[in-house]
Amino acid sequence: MNLTDLVLVAVAFFAGAQNALAGGGSFLTFPALLYAGLDPRAANITSSIALFPGQITTGLAGRSMVMGVAGLSVRALIIISLAGGLVGAVLLLATPVAVFTHLVPYLVLFATAVFAWGSFFKKPRPDDATPELSPKMAGVAQFFIAVYGGYFGGGIGILMLAALTAAGLLVRHAGATKNVLAGVCNAAAVVLFLAETKVDWWIVLLVGVAAIIGGQLGVYLLRRINERLLRVGITAIGVALTVGLFIRA
């Protein structure tokens, strides 16, 4: 195992943990895969494939905390995520990635701002109050987030957390639910990528195994970490991602 492999393993471990807590793990693996010599398109596809097993194991580990939103079941969210992920993957294979990549910093900035406002600045509301997003709007939001996830995926966890908390879920349940939905929307993309492209399976193995292990640590923290501390951590990750993306843009 050479230095490049060790870098990939270390980065993938932290990416798996970050995906479990707030998402955005692909923003760690994507530049690491570029460092390993892959072109941007190959790095994007390889990252999606390699992180997929970790998303599945992370989702399963936290399944007891997974919840649908009022008027929209977990099954409905899964179907919506599958459809959106497939549309996004088709778009990725059919169109240049550059245009959409330029939009990513603004999407993550918006999602982080929404989540931070909901976590720290808005007035508390009764548990039985009407959520900011109706079930219909939550479904529409999840579809477009899944399209984005199938196309590029960076920051998808931040976007899902923003939508799910706006639809009424507590942050702990929203975190576990977005882990499952992120894996689901990536599933359709991964199947299409495997059918239409070639990947370096050694890199996929290294990144995939490390991300699985890191994801289990993330789920452990998700179950035990203080709720307010979790909100602070998620917001900090979103801010860091936004700054990094604008620097790269």
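Each reported figure results from applying straightforward, stated rules to the coordinates on display, with no laboratory input. Just so it is clear, the structure is predicted and the values come from calculations on it, not from any experiment. Positions of Cβ are generated from backbone atoms using ideal geometry, with glycine treated the same way; all protein chains shown enter the neighbour counts.
Of the residues 231, 248, 224, the one with the fewest other Cβ atoms within 10 Å heads the list, and the complete ranking is 224, 248, 231.
Rg over Rh for the chain works out to 0.95, both radii taken from alpha-carbon positions and Rh defined as the Kirkwood radius. For segment 1-90, dividing the convex hull volume of the Cα atoms by the residue count gives 102 Å³ per residue.
Ranked by the mean number of other Cβ atoms within 10 Å per residue, highest first, peptides 44-52, 101-109 order as 44-52, 101-109.
Put the Cα centre of segment 57-100 next to the Cα centre of segment 151-196 and the gap is 5 Å.
Counting only alpha carbon atoms, the long axis of helix 98-116 and the longest principal axis of the chain meet at about 30°. Remark: segment 181-196, residue by residue, has Karplus-estimated 3J(HN,Hα) of 5, 5, x, 5, 5, 6, 4, 4, 5, 4, 4, 5, 4, 5, 7, 10 Hz, where x stands for each Gly or Pro and the curve is 6.51 cos²θ - 1.76 cosθ + 1.60 at θ = phi - 60°. Residues in segment 137-146 carry Karplus couplings, in order, of 5, 5, x, 5, 4, 5, 4, 5, 5, 5 Hz; the curve used is 6.51 cos²θ - 1.76 cosθ + 1.60 with θ = phi - 60°, and Gly or Pro positions show x. Only the Cβ atoms of Lys and Arg (+1) and of Asp and Glu (-1) were treated as charged; on that basis the dipole of segment 3-248 about its Cα centre amounts to roughly 560 debye. Normalising the average separation of contacting C-alpha pairs (under 8 angstrom, six or more residues apart) by the number of residues puts the relative contact order of segment 3-248 at 40 percent.
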